[in-house]
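Student: Right, I'll just put the structure down here and ask away after.
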Amino acid sequence: MAKQLVNPIERHIDKGVLAIAGLVLIGVIAKFIVTSPHPIELGGQNVAPRDVDRVILANATDVRDRLARSSKPEVNVEAERDTFLASLNPFSEGELKTKYPLVANLHPEVPLVGPPEPIEGDIRLVDVVQPTKPVVIHGRSSLLLNIPEEATFDMLPVLATPTNWATISALFKHVEQRERQRKTYLPDFEDPALLGMEVQRRAMRSDGTWSEEDWRTVDTWAPTQFIPEYPDIQLIQESDGELATSSAVQSKVTQFWDEVRDDKNQLDLLRPLPVEALNGDTWQLPIITSRRDVLLQDDQLQFPDDPPQLNPMDRYPDAPLSSEQSADDGLDDTLSWPEQCEQMLAKAAELLKQAKADENPDLAVQANNLGVDIVTNSATSSRLKEQARQLIRVAAQTERDIKRKIAEKIARGGGDSSEEIKPVRQLLPNQQVWSYDGYSESIPGGHSYQYRVRFLLFNRFLGLPKKLADPYDALKPDIFGPWSEPSDPIAIPPSRRFFVTNVQERESGDEVFTEMFRWFEGVWVRNSQARFSVGDKLAATARAKVPLYGAEGPGEYNNPSVDFEENVMLIDINKDTKLRREVPVGRGVKFGLPTESPIVVFMDDQGRVFERLLDMDKGHPERAKFRGKVWKPEKLEVTSGPEPPAAPKSGRGAERGSRGSRERGTRGGSMGPKRQSGKPRP
């Protein structure tokens, strides 16, 4: 094996590496063990970390010793108390013998309490009061809207508009609004005038919830044709840079204000009368406090310069009978006299209840007259006479209580009680306001709704920019108030219904038989044999009997063609469904054997799919209810020979013609005559 040649560097490289490592080790020992690794400059000298505390302690001790050895400078303070006290009594310095009173220190100035007086040019629009929770009355009627003058009576059923309507009412706190304007406006601008109220409606969602996003403004109806259009306000800039309006604009605003604040126009704006209905549900006054309160509010606007009436006039179509009218209207004369007495006693009890609710003494008089009719008839039994006497006593006391309550309200304005009470017209605190929904288009049936309202107040500074802090507020004819809370939900029933009655197989395909109902010309009509196939829309035409307006006798009716239409389509028939029916057994039930019961599938115009089970629809209680609603003409009475003469009545009906002229004794032991209350102002 040959000998390898190695140069000196390769031979001694390991010794050099060991030498360098040794030098590094010696440096580390010197740096971190022999000497301090991190010296700190303290007081002008480098100090190792282990000596820092010792040096600081020595410096602190030195400072403390120097402070202890230092001397305190002396401060001389002159006593100024005697000079201050002498300055409070300057007469003592002049050695005056006479004693003069010292000046008393005044208390701080007391600031004025309350809102600042309104300043012209710095006035802001007033806040409108919030309405109370609305009360809603609803129904379904055929309304006589836009009927031409040349229309005859028999044309009215065709010209009338079938409508689902609602009356929405709330209280306007008139006195509170007037007080707000008194504090905010100038003295001549404190009387508020309403332009009506805005109404919004929302429908309940399919999941039974309500959403704020669903509120929609209602196009309400009110007789506002007497109110001119809002004046067109244009601001002009004067030479001094202020905004103003022309005299012509101010004249239009004055004319508009005169129309709005007119008492009779305010009455029609606040409480408009309903549209006349041909048939269907009758309109009812929405009661929030009482009917009498509404009549007093009307009386105040109709006769503002007269004292309030004890019995204010009732101008509404649902007004109860006055004492001059017969209270026994609507009673059944075909009943026996004892049965008539029972009916009259029940009617009198209703009248007394209504008299207390409406604070109407006329209704108590009507109840009294019914009792007099019973007592003065010789055919009345002792038991019924005693009940009637008790009724007369209660009716008389109810009448006195109501009149006393009315007198106390009238006299509440003050005055010496020893003097004669003089009724004083006072500003009523509230005004009931209502509006109508359903006159521009019928409210869709089959849904539940809520309403909310807010008041529209006339802007008293319309066209007067110089009086306002913001001149552009003079361009606003009305001021909107806050929304009321939602009303209680109301349910508008559907005007059409259908029920599946049969499914039959045909060569061309299965057919579904339905019974369809519709509200038509004020009555319910039906089509009992409407047939449809898969893919058909539920629409059929059939003749139906309806009342004949202007008929001369019973048994006459109209038989027009009626369109029965539902916004649904038949999309499928499932005949494989089986149903187990309940069978009553003793006090319980058992389930029978499974039998076929087809299911019919429909889809509405919103794309929603629903099913109808044949057996359930055929026996549905709603079907029987709608069948009972269907109008039927009166049957003609057929006689086989001449009618025998009627036997004279010994009961109440025999004396009906002479009842008004009978003489009766005074009220007390014997029954008094029929009475009349004071007639309302014509």
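The values are calculated or read from the model by the stated rules, or taken from the named source; none is laboratory data. Everything numeric in this text was worked out from a predicted model, so none of it was measured. We place every Cβ from the backbone using ideal geometry, glycine too, and count neighbours over all the protein chains shown. With ligands, DNA and RNA removed, areas are computed over all heavy atoms of the protein, side chains included. Shrake-Rupley method; radii C 1.70, N 1.55, O 1.52, S 1.80 Å.
Student: Can you tell me which residue within region 400-423, out of those that are open to solvent by 20 Å² or more (accessible area, probe 1.4 Å) and at pLDDT 75 or above, is nearest to the chain's Cα centre (by Cα)?
Tutor: By that ranking, first place goes to Lys405.
Student: Would you call Asp53 open to solvent by 100 Å² or more (accessible area, probe 1.4 Å) and modelled with pLDDT of 75 or more?
Tutor: When the stated conditions are applied, Asp53 passes them.
Student: Within region 555-585, take every residue that is open to solvent by 80 Å² or more (accessible area, probe 1.4 Å) and not acidic (Asp, Glu) and give me the one that is nearest to the chain's Cα centre (by Cα).
Tutor: By that ranking, first place goes to Asn567.
Student: So, in region 603-628, exactly how many residues are closer than 19 Å to Ser528 by Cα and part of a strand (DSSP E or B)?
Tutor: Within region 603-628, residues that are closer than 19 Å to Ser528 by Cα and part of a strand (DSSP E or B) number 2.
Student: Going residue by residue through region 140-149, is there one that turns out to be among the charged types (D, E, K, R) and in contact with a Lys or Arg (Cβ under 7 Å, 6 or more places away or on another chain)?
Tutor: no
For every residue, the table says whether it meets (1) under 20 Å from the mean Cα position of the chain (by Cα); (2) open to solvent by 80 Å² or more (accessible area, probe 1.4 Å); (3) not β-branched (Val, Ile, Thr).
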| position | (1), (2), (3) |
| --- | --- |
| Ala151 | no, no, yes |
| Asp154 | no, yes, yes |
| Ser169 | yes, no, yes |
| Arg182 | no, yes, yes |
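Conditions (1) under 20 Å from the mean Cα position of the chain (by Cα); (2) hydroxyl-bearing (Ser, Thr, Tyr); (3) surrounded by fewer than 19 Cβ atoms within 10 Å (Cβ to Cβ), marked per residue:
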| position | (1), (2), (3) |
| --- | --- |
| Trp257 | no, no, yes |
| Gln266 | no, no, yes |
| Leu270 | yes, no, no |
| Leu273 | yes, no, yes |
| Gly280 | no, no, no |
| Trp283 | yes, no, no |
| Thr289 | yes, yes, yes |
| Pro304 | no, no, yes |
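Student: When the residues of region 337-373 are filtered to those that are among the hydrophobic types (A, V, I, L, M, F, W, C) and more than 29 Å from Asp314 (Cα to Cα), which remaining residue is nearest to the chain's Cα centre (by Cα)?
Tutor: Per the criteria, the residue is Cys341.
Student: For region 482-493, name all the residues that are open to solvent by less than 40 Å² (accessible area, probe 1.4 Å) and under 14 Å from the mean Cα position of the chain (by Cα).
Tutor: Residues satisfying the conditions are Ser484, Ser487, Ile490.
Student: So Tyr230 clears everything in (1) at pLDDT below 85; (2) open to solvent by less than 20 Å² (accessible area, probe 1.4 Å); (3) of a type in the set (Ser, Thr, Tyr) except one condition, right? Which one?
Tutor: (2)
Student: Name the one entry in Arg496, Arg531, Arg518, Arg506 that is surrounded by fewer than 16 Cβ atoms within 10 Å (Cβ to Cβ), within 30 Å of Asp617 (Cα to Cα) and modelled with pLDDT of 90 or more.
Tutor: None of the other options fit; the residue is Arg531.
Student: How many residues, within region 614-630, are surrounded by fewer than 16 Cβ atoms within 10 Å (Cβ to Cβ) and of a type in the set (A, V, I, L, M, F, W, C)?
Tutor: Total meeting the criteria: 3.
Student: Now, a different point. From the residues in region 344-382 that are out of contact with any Asp or Glu (no Cβ under 6 Å at 6 or more places or on another chain), open to solvent by less than 10 Å² (accessible area, probe 1.4 Å) and small (Gly, Ala, Ser), which one is farthest from Ile402 (Cα to Cα)?
Tutor: Gly371
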